[in-house]
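The values are calculated or read from the model by the stated rules, or taken from the named source; none is laboratory data. Remember, it's a predicted structure, so these values are computed and weren't measured experimentally. Don't worry about glycine lacking a Cβ; one is built from the backbone with ideal geometry, like all the others, and counts go over all protein chains shown. These area figures cover heavy atoms from the full protein model, side chains too; ligands, DNA and RNA do not enter into them. Shrake-Rupley method; radii C 1.70, N 1.55, O 1.52, S 1.80 Å.
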Amino acid sequence: MGIQLYNTLNRKIEPFKPIEEGKVKMYVCGPTVYNYIHIGNARPAVVFDMVRRYFQYKGYEVTYVSNFTDVDDKIIKAAEEMGEDVMAIAERFIQAYHEDTGALGVKKADIHPRVTDTMPEIISFIDRLTEKGYAYESGGDVYFRTKKFDNYGKLSHQSVEDLQLGSRIEVGEKKEDPLDFVLWKKAKPGEIKWESPWGEGRPGWHIECSAMVKKYLGETIDIHAGGQDLAFPHHENEIAQSEALNEKQMANYWIHNGYININNEKMSKSLGNFILVHDIIKQFDPEVVRFFIVNAHYRSPINFSDEQLESAKAGLDRIKTTYSNLQHRLEETADLGENRDKWQGQIEELHNRFIKEMDDDFNSANAVAAMFDLVKAGNLYLREKHSSKEVLQSFIKRLDDMAFVLGIQLKQEKALLDEEVEALIQERIDARKNRNFARADEIRDELKEKNIILEDTPQGTRWKRG
RNA sequence: GGCGGCAUAGCCAAGUGGUAAGGCACGGGUCUGCAAAACCCUUAUGCACCGGUUCGAAUCCGGUUGCCGCCUCCA
């Protein structure tokens, strides 16, 4: 069975059928770069990175595009406040975005288009919408004529009537209709601006994605992704723009991740209850943050707290400990293990379960459970008197596979200890041989102060960082 | 008002008809010079509440309560 995924368009889990055999074209809405990202912003970066990795693991060739909104009202405002240039701010936070998501194990997109680099396509897109009667100029702005697009509301499953009843839609003076949204904004004096057929200005927020998708991926793509809060109005508006112009379905699958909450409330910049990735990774290993995110299903809301991260850290440590124990054993094994077929069979069974769970709408929560079962099997195998290289390698290989999909790193680079510590460990080994346990315990405590934890195994003394 | 989600052990979290995954924490044990790691055992006769359908329901249907989200910039 292949990959199935929940499609917001139909509110159903559907089998994935690529437009082109073996290929996936995927677009993920990226950030507006005027600040460091908070962990709520990090969630889509992480979960869709995982989706991408999974497709790759299954042998698909993925083209992954994710934009940067590098000019808009918020950046302009931030620029004023900080007394900095708009472009300089954008550049700075694009770099920060790469650093923060990189720390979380997110691979860069194949293409990271920016609004400011897509201006000709955006302008031409708007121009053609006006030609087709879907857009109109009004006082230097250009608006999309929402009611002319018949399928408006198909993604968020809202009817145009109900949307109008919503009391909070503002009526712009320049709009023909309250539901119309802006494609092009006239520049105020002193603002950053571009030339257009409607005078100097800049693009509205939604149009960039429509233009970028078309430019880099085509008129119909496989998957369009983003946070749940983008479904309306952002994605709805993208659909309206793109489908009005291209007269083709914009994306076959729309997928949306759930929020990260704090005290059961959505983490958001406007509520001010956010935690920056930049800050949290000083307190916790970034991998722990990633593991925490992939440990839940991507569509479920997750509550964020230090306690939860501690729990995630303990779980991740369990996996890492087993992994490194397997590696050590592999280096030392005399290759004598019995019951190879039994163990190999079990490893494959757990790997298959992992795949089955990921196939089922990227159920990484269950996939992680399968991984923990593999860890447990590995620990049981490590208790056997003899082990075979072949079986140890299978354990390691399958853990590596799972770690790749989840985006966590199990392989530790061989850290070196300074000579002093090295000497203390040796002294302790000698002390234990001489049954001088008082001294041995003293050394162990001393090293623990330095965050080095010693373990005496049947294969000798091992150390790790705490 | 419209649309949608959630409610499962001390904490987190899977599970959409066949008798409750997994992680963390707690307790007991094995191993160990002692630890650590690991393993074993224990931990929800019950899945917000009330009805109903069914041989059988956490799962389906109806109702109730509570919490959250979108409808406005937001991942």
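Using 1/(1 + (r/R0)^6) with R0 = 30 angstrom and r between the beta carbons of A:GLN409 and A:LYS450, what's the FRET efficiency to the nearest 0.05? It comes to 0.80.
In this structure, A:PHE437 and A:ARG299 have a Cβ-Cβ separation that, at R0 = 41 Å, corresponds to a calculated FRET efficiency of about 0.15. Its DSSP H runs of at least 4 residues, each contributing -39,500 (n - 2.57), put the calculated 222 nm mean residue ellipticity of chain A at -15000 deg cm²/dmol, to the nearest 500. Projecting label points 7 angstrom from Cα along Cα→Cβ for A:ARG318 and A:SER124 puts them 5.6 nm apart. The slack in the chain from A:GLU131 to A:GLN56, taken as 0.36 nm per residue of separation less the alpha-carbon distance, amounts to 22.9 nm. Placing dummy labels 7 Å off each Cα toward the beta-carbon, the span from A:LYS147 to A:LYS77 is 3.1 nm. Could you tell me how many degrees, from 0 to 90 and to the nearest 10, lie between the Cα long axis of helix A:119-131 and the main elongation axis, the longest principal axis, of the Cα atoms of chain A? Its long axis makes an angle of about 40 degrees. Dimensions of the range A:16-64 based on its C-alpha atoms, expressed as ranges along the principal axes with the largest first, amount to 39, 16, 14 Å. When you restrict to C-alpha pairs under 8 Å that are six or more residues apart and normalise by the size of the range A:419-465, the relative contact order lands at 24 percent. Solvent-free Debye calculation, one equal scatterer per alpha-carbon of chain A: log10 I(q)/I(0) at 0.06, 0.07, 0.12 Å⁻¹ equals -0.35, -0.46, -1.07.
Given a Förster distance of 22 Å, report the FRET efficiency between A:ASP279 and A:LYS108 from their Cβ-Cβ distance, rounded to the nearest 0.05.
Values: r = 23 Å, r/R0 = 1.03.
Once rounded, the FRET efficiency stands at 0.45.
With all protein chains kept in place, the per residue accessible area of chain A amounts to 47 square angstrom at a probe of 1.4 angstrom.
Determine the gain in length on full extension of the stretch A:ILE429-A:ASN263; use 0.36 nm per residue of separation and subtract their C-alpha separation, reporting nm with one decimal. Working shown, then result.
Working: separation 166, 0.36 × 166 = 59.76 nm, distance 4.90 nm.
Full-extension gain reported as 54.9 nm.
Judged by the mean number of other Cβ atoms found within 10 Å, the most tightly packed of the peptides A:32-41, A:93-102, A:379-388 leads the ranking A:32-41, A:93-102, A:379-388. Annotation: amide H of A:GLY337 within the under-5 Å range of A:SER387, A:SER388, A:LYS389, sequence separation 5 or more or interchain, hydrogens built in the peptide plane.
On full extension of the chain, what length is gained from A:GLU419 through A:LYS248, given 0.36 nm per residue of separation minus the C-alpha to C-alpha distance? Before the final figure, lay out the partial values.
Details: separation 171, 0.36 × 171 = 61.56 nm, distance 6.68 nm.
My answer for the length gained is 54.9 nm.
Longer than 27 Å from Cα to Cα, which of A:LYS148/A:LYS185; A:LYS74/A:LYS214; A:LYS23/A:LYS214; A:LYS108/A:LYS282; A:LYS12/A:LYS266; A:LYS385/A:LYS448 are they? Say none if no pair is.
Numbers: A:LYS148/A:LYS185 21 Å; A:LYS74/A:LYS214 25 Å; A:LYS23/A:LYS214 17 Å; A:LYS108/A:LYS282 22 Å; A:LYS12/A:LYS266 25 Å; A:LYS385/A:LYS448 30 Å.
Listed pairs above 27 Å: A:LYS385/A:LYS448.
Split the accessible area of chain A by element, probe 1.4 Å, and carbon with sulfur accounts for 47%. Mean sequence separation of contacting Cα pairs (under 8 Å, at least six apart), scaled by the length of chain A, corresponds to a relative contact order of 16 percent.
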